[in-house]
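K.L.:
Structure below; questions to follow.
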Amino acid sequence: MRFIFLGPPGIGKGTIAARVIGKLNIPQISTGDLLRSAVRAGTEVGIKAREHMNSGGLVPDELVISLLKDRLGEDDCKDGFILDGFPRTIPQAKALENNGITVDGVINFVASKQVIIQRLSGRRVCKRCGAIFHLTNIPPKVEDICDRCNGELYQRKDDTPEIIVERLEVYKKQTEPLIAYYENQGILHNVSAEGSHIPDLVDSTLAVMQQSDQ
Ligand code: AMP
């Protein structure tokens, strides 16, 4: 099973992917997570990526593509994967194809702008394991502490109001054209992410994935 999860930042792709992979036994490959690890580790890619990420812009295609190719070459990707946050531009989509990486389907998550902004501004992430929480939708049992590993929760630098506006603009200009791109290939499936009951969102996503994999 090879799927792309598409949708604006904050729609819940990462949260849904993290739960879906538990049921399918395939990894979730988030280019945002790969880039944040590179930034933390201070690698050459991380140093080049940092400013773009902090300002809400996209990291240049060649940097992200090289990170992703390395990751997809790892053993755990052999039986499939979910790409979360990649591709984000048409050239990135073409890079997948040029490298012989085909997918079974593209899940396009859809919700109103209001819901997206509420999700982004309330998001908290575990510093240690990357688990995603939300102040009201997925509150941790103990304030600011991860339920899973007891790590400290933080608000991402790019989840602040000015940067959120920029990221949504960038999405509209650079990523939204992928919807038509994959629609034309006949592999796009829309899933509503409007509701905030996560098990329901996971179930409807799984149902669409299983249907399109047959
Ligand atoms: P995310 O965790 O998916 O919201 O990504 C956080 C930030 O990482 C984005 O705002 C971009 O700066 C960068 N990023 C993640 N994935 C990509 C990608 N596929 N192409 C370019 N930049 C990316």
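K.L.:
Within the range 63-83, take every residue that is of a type in the set (Gly, Ala, Ser) and open to solvent by 40 Å² or more (accessible area, probe 1.4 Å) and give me the one that is nearest to the ligand (Cβ to nearest atom).
P.N.:
Ser66
K.L.:
Looking only at the range 196-209, how many residues end up being among the small types (Gly, Ala, Ser) and open to solvent by less than 40 Å² (accessible area, probe 1.4 Å)?
P.N.:
0
K.L.:
Step by step: first the residues of the range 21-62, then only those that are more than 14 Å from the ligand (Cβ to nearest atom) and within 15 Å of Ala131 (Cβ to Cβ), then the one that is farthest from the chain's Cα centre (by Cα). Which residue is that?
P.N.:
Gly22
K.L.:
Which of the residues that make up the range 1-10 are modelled with pLDDT of 95 or more and away from the ligand (no atom under 13 Å from the Cβ)?
P.N.:
Passing the criteria: Arg2, Phe3.
K.L.:
While we're here: I need every pair where a residue in the range 55-77 that is under 17 Å from Met1 (Cα atoms) has its Cβ under 7 Å from the Cβ of a residue that is assigned to a helix (DSSP H, G or I) and within 12 Å of the ligand (Cβ to nearest atom), sequence separation at least 6 or different chains.
P.N.:
Pairs that qualify, where the first residue is under 17 Å from Met1 (Cα atoms) and the partner is assigned to a helix (DSSP H, G or I) and within 12 Å of the ligand (Cβ to nearest atom), are Arg71/Leu34.
K.L.:
Residues of the range 166-184 being surrounded by 12 or more Cβ atoms within 10 Å (Cβ to Cβ) and not aromatic (Phe, Trp, Tyr), which ones?
P.N.:
Matches in the range 166-184: Glu166, Arg167, Leu168, Glu169, Val170, Gln174, Thr175, Glu176, Pro177, Leu178, Ile179, Glu183.
K.L.:
Out of everything in the range 11-20 that is more than 11 Å from the ligand (Cβ to nearest atom) and part of a helix (DSSP H, G or I), what residue ends up being most open to solvent (accessible area, probe 1.4 Å)?
P.N.:
Only one residue tops the list, namely Arg19.
K.L.:
So, Phe86, is that one more than 13 Å from the ligand (Cβ to nearest atom), modelled with pLDDT of 95 or more and in contact with a strand residue (DSSP E or B) (Cβ under 9 Å, 6 or more places away or on another chain) or not?
P.N.:
Judged against the criteria, Phe86 is not a match.
K.L.:
Please go through the range 173-214 and pick out each residue that is in a helix (DSSP H, G or I), within 21 Å of Pro91 (Cβ to Cβ) and either more than 16 Å from the chain's Cα centre (by Cα) or free of Cβ contacts under 8 Å to residues at least 24 places away in the same chain (or both).
P.N.:
Listed by number, the residues that qualify are Lys173, Pro177, Ala180, Tyr181, Tyr182, Glu183, Asn184.
K.L.:
I'd like the full set of residues that are in contact with a strand residue (DSSP E or B) (Cβ under 9 Å, 6 or more places away or on another chain) and hydrophobic (A, V, I, L, M, F, W, C), limited to the range 89-104.
P.N.:
Listed by number, the residues that qualify are Ala93, Leu96, Ile101, Val103.
K.L.:
Suppose the filter is in contact with a Cys (Cβ under 8 Å, 6 or more places away or on another chain) and at pLDDT 95 or above; does Pro27 pass it?
P.N.:
yes
K.L.:
A further question on this structure: State which residue pairs qualify: first residue without any contact (Cβ under 8 Å) to a residue 24 or more places away in the chain and inside the range 31-42, second residue assigned to a helix (DSSP H, G or I) and open to solvent by 40 Å² or more (accessible area, probe 1.4 Å) in any location, beta carbons under 7 Å apart, and separation of 6 or more residues or different chains.
P.N.:
The qualifying pairs are Val39/Arg50.
Each row is one residue, and each column tells you yes or no for (1) aromatic (Phe, Trp, Tyr); (2) open to solvent by 10 Å² or more (accessible area, probe 1.4 Å); (3) within 18 Å of the chain's Cα centre (by Cα).
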{"position": "Gln92", "(1), (2), (3)": "no, no, yes"}
{"position": "Glu97", "(1), (2), (3)": "no, yes, no"}
{"position": "Val103", "(1), (2), (3)": "no, yes, yes"}
{"position": "Ile107", "(1), (2), (3)": "no, no, yes"}
{"position": "Ala111", "(1), (2), (3)": "no, yes, yes"}
{"position": "Gln114", "(1), (2), (3)": "no, yes, no"}
{"position": "Arg119", "(1), (2), (3)": "no, yes, yes"}
{"position": "Thr136", "(1), (2), (3)": "no, yes, no"}
{"position": "Pro140", "(1), (2), (3)": "no, yes, no"}
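The values are calculated or read from the model by the stated rules, or taken from the named source; none is laboratory data. On a predicted model such as this, the values are computed, not experimentally measured, just so you know. Every residue, glycine as well, gets a Cβ built from its backbone with ideal geometry; the counts of neighbours run over all protein chains shown. We work out accessible area using only protein heavy atoms, side chains counted, and drop any ligands, DNA or RNA first. Shrake-Rupley method; radii C 1.70, N 1.55, O 1.52, S 1.80 Å.
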